[in-house]
1. Is there any pair with a first residue in the range 138-149 that is more than 16 Å from residue 165 (Cβ to Cβ) and a second that is modelled with pLDDT of 85 or more and in a loop (DSSP other than H, G, I, E, B) whose Cβ atoms are under 8 Å apart and which are 6 or more apart or on different chains, and what are they?
2. Residues that are within 26 Å of the chain's Cα centre (by Cα), at pLDDT 85 or above and surrounded by 10 or more Cβ atoms within 10 Å (Cβ to Cβ): which helices (runs of 4 or more DSSP H) entirely in the range 1-101 hold 2 or more of them?
3. Exactly one condition in (1) outside any helix (DSSP H, G or I); (2) within 24 Å of residue 171 (Cα to Cα); (3) without any contact (Cβ under 8 Å) to a residue 40 or more places away in the chain is false for residue 110; which is it?
4. State which residue is nearest to the chain's Cα centre (by Cα) when the search covers only the range 122-152 and only residues that are assigned to a strand (DSSP E or B) and surrounded by 13 or more Cβ atoms within 10 Å (Cβ to Cβ).
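The values are calculated or read from the model by the stated rules, or taken from the named source; none is laboratory data. Computed from a predicted model, the values in this text were never measured in an experiment. Quick reminder, even Gly has a Cβ in these numbers, built from the backbone with ideal geometry, and neighbours come from all protein chains shown.
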């Protein structure tokens, strides 16, 4: 008989001291360790099935995230549209107040010049407020070249001066820019 080394003797002593339940639990743990250690070979079909399932899961998650983003973005856009003019309206309220005060004062006023001056002041204040928000008046002075991208020709009148032919001779309605975009085309009369 071969002599047992000290480690084997200690192991046997420990095994003898363990109860049957503990022995079974240890054996089950060892069996699991053996299963984990041994790599399981999958067939090509099984590998492809797993890859397809993973790709499908990834696609569904990505699609869900995109749909949530799209809904959230649409809601934010609707909220922005609803409140886009809020700043402008808040800035115009003092001008409305000025008009109301002018109406009250004009009921008792007999001097027409004072009424005209009051309305001129309110007009200037309104234009100043709108200019601060980016509204700019379009240049449509007499002799300005007609531009179909900016002007709308209402009618043509014959002119004696050659330099006014095809150019603006009168403005019926002023045109305006908001930033660089035309918000209202100028209605003009063109010389023929």
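1. These pairs meet every condition: 138/150; 138/174; 138/175; 140/174; 140/175.
2. Passing ranges, in order: 44-83.
3. Residue 110 satisfies all of (1) outside any helix (DSSP H, G or I); (2) within 24 Å of residue 171 (Cα to Cα); (3) without any contact (Cβ under 8 Å) to a residue 40 or more places away in the chain except (2).
4. Residues of the range 122-152 assigned to a strand (DSSP E or B): 135-137, 145, 151-152.
Filter again for surrounded by 13 or more Cβ atoms within 10 Å (Cβ to Cβ), leaving 135-137, 151-152.
Working: 135: 23, 136: 25, 137: 29, 151: 32, 152: 33 Å.
Ranking the candidates gives 135 first.
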